[in-house]
Amino acid sequence: AQVLLPAAATAVARLRLRRTTSSGGGVSRGGHGEESPSSGSRTPEGVTYLIDTLGRFKAFAESSKAELAQKHAEEETQLQSDIHASENDEVRAALEQSVTSNKESLTENTRIYEEMVKFSEAMTGVLKGAAAKGTACDDITCGPHATCTVSVKGADCVCNQGFVGRGSDCHAPPDFLPHRLIPGSSDLKAHDVHVCVFSTSRISVVFRDAAQGDIGRIVNGHVRDAGVAEFSPPEQFTAPNEMAFSPVVEGMEGNRVVIAWRDAHQKGACVMRVALLGTTGIRGADTAITWGQTQRFCDSQSHKMALVSLPEGKLAVLYSDKANTAVENTEESFGNSVLASVTASGAINIIGQFRFSDHVVCRLEVTKLTPSSFIVAARASAAVDEMDATKTTKQEATAIFAEFVENELIFDPSPVNLEPGRTQIWARGVSLIAPNTFAYAYQDGLEMNIKLAIVEVDPTTHHMQLVQGPQVIRDGFSHYVSMLPVPYSMSDPHTLVYYEDEVAKTSMVSVCTWTSSTKLLTQCEDFPWLDEKLRSVSGVHLGGGKSFFAFAPESGVPYYTVFGLSKK
């Protein structure tokens, strides 16, 4: 089973690595993301072990707090020195922003370590008085985010790690509420939010600012310590008076960031631009941008594109394209891609164009399988049998294998179609969950539910095989459905789908365990991570079970949050 935690509480949850089990086929689900009450016993040896573990955990928190204070003091001294030494106003402004962020980070993380010490002391006190006899958890029912446990008073419901309150009313603590992406950003209205992660913890967020004529903005930063993020001031990546619809961003080696967008809502031109981060070499200015080349590479765009970074400084852009045919006044629509190299100086060199589908495509999503191979998920028009025009295959939930080989993009001509007989497949997400295995989630617009399928790819032939699903993981409609790759670890495969509960107007994640040996999805659980309806949201996996989300509610003010996924 899994528990959704604020990132700062993830370390606490590592104390609980007891895995629940499930037998039988199909998907097993838990209510509200919690394990059901169960009976059991506590042995004196087990209590002694937990008390000892809590003691070590407390010592770790206290030593980490002291080390943190020393590290931030050194950082403060160095930053102040750099500010006095710099003669560049922009660099000084960036350094002063780092000083402020440094102080905020120290305050928040000090409070986190203090809470960890309090938690250890409280749990130690409870365990020392716990009875060694069997519990009576079967007699009580706990509320959401709570688990039955034994205390000196007997069986009781307590809030899971990362939540506070009574056992019948547990909620996330105020310290872990979402943070503004841009402090004082009430004059912004973020639409089309997209985020990428690179170099382990560096984050870039792009969005269309509807309050300023739909210009494109970018914010860069990195996630530090227990999930605290610090960001640079926003910068405009579009030319003056130029619009940026559905911008997407991808990080590359060498702290290069590439942004792609279209410059109109309908039939816009494709634009790509490179941002180089931290090229000044000045300490504390690692998010300062040096702009590279801007490249236009297609036109007549009305849909979001997809980006994927590749080895050797290469990048692929996937999009829906059109071309004139031999028949007068007619066009053909198809899926196309551009392969480009991005130099260390920010120059873009177009290597070539490569079709990935001969059909109309939209709703493009990408996940990498290996550094040089990836999966393209798309909604495509039906394929007609060339020998019998009455036979068609619906391709509204299609997946295509692609590989970068010797400066070329090679797309496998045999896609896998998850719903060959159905139409109205809308929002979707695709993610790597295990070696040569990916998950595909989507909104079924006819049945009004969200489905999830698992596909395996033969590492030699690249043949794709549907091994489970599609199966319903949630009833109802969601404006968005997407996924995070490897939300826990490659050795412990999970799926993570994020979507909207339209009825409750909350933002949700669905987490399932994937068992490769039995090829079964089990222990699927739903968790609310934000009690608000969103206009736009995008997430990435940071590693170690932590996930980062950038989002904007109906107000358009951009926020971010970090939470962790921990086994129970």
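So here's what we get for this one:
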| item | result |
| --- | --- |
| Unique residue being modelled with pLDDT of 95 or more and surrounded by 23 or more Cβ atoms within 10 Å (Cβ to Cβ) when the list is 291, 261 | 261 |
| Only listed residue being touching a residue at least 12 places away in the same chain (Cβ under 8 Å) and either in contact with a Lys or Arg (Cβ under 6 Å, 6 or more places away or on another chain) or within 23 Å of residue 219 (Cβ to Cβ) (or both), chosen from 320, 300 | 300 |
| Every residue from the stretch 531-562 that is open to solvent by 10 Å² or more (accessible area, probe 1.4 Å) and either in a loop (DSSP other than H, G, I, E, B) or at pLDDT below 90 (or both) | 531, 532, 533, 542, 543, 544, 546, 554, 555, 557, 562 |
| Residue in the stretch 478-489 that is at positive phi and either of a type in the set (Val, Ile, Thr) or without any contact (Cβ under 8 Å) to a residue 12 or more places away in the chain (or both) present | yes |
| Where residue 323 falls short, out of the listed (1) surrounded by fewer than 16 Cβ atoms within 10 Å (Cβ to Cβ); (2) in contact with a Cys (Cβ under 6 Å, 6 or more places away or on another chain) | (2) |
| Where a residue in the stretch 194-206 is basic (Lys, Arg) and its partner, wherever it lies, is assigned to a strand (DSSP E or B), with Cβ under 6 Å and at least six apart | 202/222 |
| Selection status of residue 383, over 30 Å from the mean Cα position of the chain (by Cα), without any contact (Cβ under 8 Å) to a residue 24 or more places away in the chain and open to solvent by 20 Å² or more (accessible area, probe 1.4 Å) | no |
| Residue 527 being closer than 26 Å to residue 230 by Cβ and open to solvent by less than 20 Å² (accessible area, probe 1.4 Å) | no |
| Enumeration of residues in the stretch 461-510 that are among the β-branched types (Val, Ile, Thr), farther than 22 Å from residue 552 by Cα and more than 13 Å from the chain's Cα centre (by Cα) | 461, 467, 472, 473 |
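Every residue, every condition in (1) open to solvent by 50 Å² or more (accessible area, probe 1.4 Å); (2) at pLDDT below 85; (3) not aromatic (Phe, Trp, Tyr), yes or no:
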residue	(1), (2), (3)
42	yes, yes, yes
47	no, yes, yes
51	no, yes, yes
60	yes, no, no
94	no, yes, yes
108	no, yes, yes
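The values are calculated or read from the model by the stated rules, or taken from the named source; none is laboratory data. The shown structure was predicted, so the numbers you read here are calculated from the model rather than taken from an experiment. Cβ coordinates were reconstructed from backbone atoms using ideal geometry, including for glycine residues, and neighbour counts include every protein chain displayed. Side chains included, ligands, DNA and RNA excluded: accessible areas come from the protein's heavy atoms. Shrake-Rupley method; radii C 1.70, N 1.55, O 1.52, S 1.80 Å.
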